Amino acid sequence: MEFKPGLLVLLSISAVVWSVPIDRSAANQEPKDEPPPPEESVDTGLYYDRYLREVIEVLETDPHFREKLQTANAEDIKNGRLSKELDLVGHHVRTRLDELKRQEVSRLRMLLKAKLDSSNTQSLQMDHASLLKQFEHLDPHNQNTFEAKDLELLISTATKDLENYDAERHEEFKRYEMLKEHERREYLRGLDQEKREKEEKKMQELKEKHRQHPKVNAPGSVAQLREVWEETDGLDPQEFNPKTFFKLHDTNEDGVLDEQELEALFTKELEKVYDPKNEEDDMMEMEEERLRMREHIMKNVDANGDRLVSLDEFLKSTETKNFNSPKEWETLDAQPAYTEDELQRFEAELRDKEEELKRRAETLRQEQELLKERGKALEAQRKEYQQAVLEMSQRRKEQQAVDGQPPAGPNGELKFEAQSVKAEEAEAVGQSNNIPAEPPHNRPTHT
């Protein structure tokens, strides 16, 4: 599936691009009319990522909409003018979009119900239409058909969410660094003075070792691009040509450099600072460095703010002072990611969470003890009941023995013993042996 570049990068939906060595001879050859290799989609991180992708994929099957998409600019996409073209797409496209929306509404309903169930709320009969209003990427008032408003909401919401994505990544990294420092201090605090001094010395040595890396070129500078041209592309640095460089690294040939294509250019610079085999190098810091480099280029090169670098923007950037004489690039180790005040607030937050977890653990422990006590009480009641049943059965047997009645079973049925049966049989046999003889006149006479 191939997406329109403007919409593609506006929504940060693009293929994974890896920078690979390129033959110098291949750079001078005419491009062949061969289909591009299959592209692997990158998850945007949005909770409606699948819905977003499927909608774009269906829209691009319509020739009219695809044509409008090819000629639209980022402003047309952002202001909703492109959404009006939805009324002109084919019936089969609208039918498929309606189906996608109903599936998305059904998925959101399931999520809402699961959330309500997990919170043990009693109001499970709440209006789903009102609950769906919290999801901004679709029109909750129309849950059956996909209209122009749905496309407008989907694009605007995705654009807004993705614009905040980098800021959220920076915040996550800051919290990661503060947690790492917190754990370091806690570890040192638990050691005696001699071991603590030894560990502090070791940590400082690793930190200094990490800082002893080669100079890092500023992203997008002539020095940085020449290095890629020579070491990655295998070309003569004296023949560096910005236009050729752009075309070489526009790997999907869509006329722009997207975020993934740009980040692929920083690999050589990052390798100067970070090595996964080194104990002192943190790969999480490497990804933060990559993000900073990409943002630096976007800030200085992406003139229209569409999160794309066009050929015209790229060539204009090569004429600036920052391209030929940039400031030295400062890596993460040159500036802390947080202040001491931020660290203290973070540690206070951790302590509050720890206290809350302790309270919950204590509550669970008390509930467990209560269940154990209830279990013991139930077991005692069961034994008392069994004892009462045995005593009642024994008293019944004793009463039956006094009254001369045959013993009864556990359910009150009569229970006859074998000895009584034998005695009755013997008595019957004895009576049969004492039957009187017939009188003499009844005897037959014999001649």
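Summary of values
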quantity	calculated
Test: residue in the stretch 216-223 that is assigned to a helix (DSSP H, G or I) and either buried (at least 19 other Cβ atoms within 10 Å of the Cβ) or over 33 Å from the mean Cα position of the chain (by Cα) (or both)	yes
Residue match in the stretch 212-219 (condition: over 20 Å from GLU319 (Cβ atoms), in the same structural domain as GLU177 (by TED's automatic domain parsing) and of a type in the set (Lys, Arg))	yes
Residue within the stretch 172-181 that is of a type in the set (Phe, Trp, Tyr) and either more than 26 Å from ALA348 (Cα to Cα) or outside any helix (DSSP H, G or I) (or both) present	no
Criterion (more than 30 Å from ALA223 (Cβ to Cβ) and free of Cβ contacts under 8 Å to residues at least 40 places away in the same chain) met by exactly one of ARG290, ARG351	ARG351
Residue list for the stretch 273-307, filter: farther than 30 Å from LYS202 by Cα and either in contact with a Lys or Arg (Cβ under 6 Å, 6 or more places away or on another chain) or not in a loop (DSSP other than H, G, I, E, B) (or both)	MET293, ARG294, GLU295, HIS296, ILE297, MET298, LYS299, ASN300, VAL301
Selection count where residues are closer than 21 Å to GLU287 by Cα, of a type in the set (A, V, I, L, M), outside any helix (DSSP H, G or I) and touching a residue at least 60 places away in the same chain (Cβ under 8 Å), scope the stretch 225-272	0
Some residue of the stretch 281-293 being in contact with a Leu (Cβ under 9 Å, 6 or more places away or on another chain) and not charged (D, E, K, R)	yes
Given (1) part of a helix (DSSP H, G or I); (2) more than 22 Å from LYS215 (Cβ to Cβ); (3) assigned by TED's automatic domain parsing to the domain that holds HIS170, index of the condition ALA348 fails	(3)
Flag if GLU280 is surrounded by 11 or more Cβ atoms within 10 Å (Cβ to Cβ), within 20 Å of ARG211 (Cα to Cα) and either assigned by TED's automatic domain parsing to the domain that holds TYR176 or modelled with pLDDT of 90 or more (or both)	yes
Filtered residues of the stretch 71-123 (kept if at pLDDT below 85, over 16 Å from LEU154 (Cα atoms), assigned to a helix (DSSP H, G or I) and under 31 Å from the mean Cα position of the chain (by Cα))	ARG109, MET110, LEU111, LEU112, LYS113, ALA114, LYS115, LEU116, ASP117, SER118
Lone unmet requirement of (1) more than 29 Å from the chain's Cα centre (by Cα); (2) buried (at least 17 other Cβ atoms within 10 Å of the Cβ) for TYR274	(1)
Test: residue in the stretch 192-212 that is at pLDDT below 85 and outside any helix (DSSP H, G or I)	no
All positions within the stretch 219-233 that are closer than 11 Å to LYS268 by Cα and hydroxyl-bearing (Ser, Thr, Tyr)	THR232
So LEU154, is it under 30 Å from VAL89 (Cβ atoms) and either touching a residue at least 60 places away in the same chain (Cβ under 8 Å) or in a helix (DSSP H, G or I) (or both)	yes
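The values are calculated or read from the model by the stated rules, or taken from the named source; none is laboratory data. Please read all numbers here as calculations on a predicted model, not as lab measurements. Ideal geometry is used to build each Cβ from the backbone, glycine not excepted, and the neighbour counts take in all protein chains shown.
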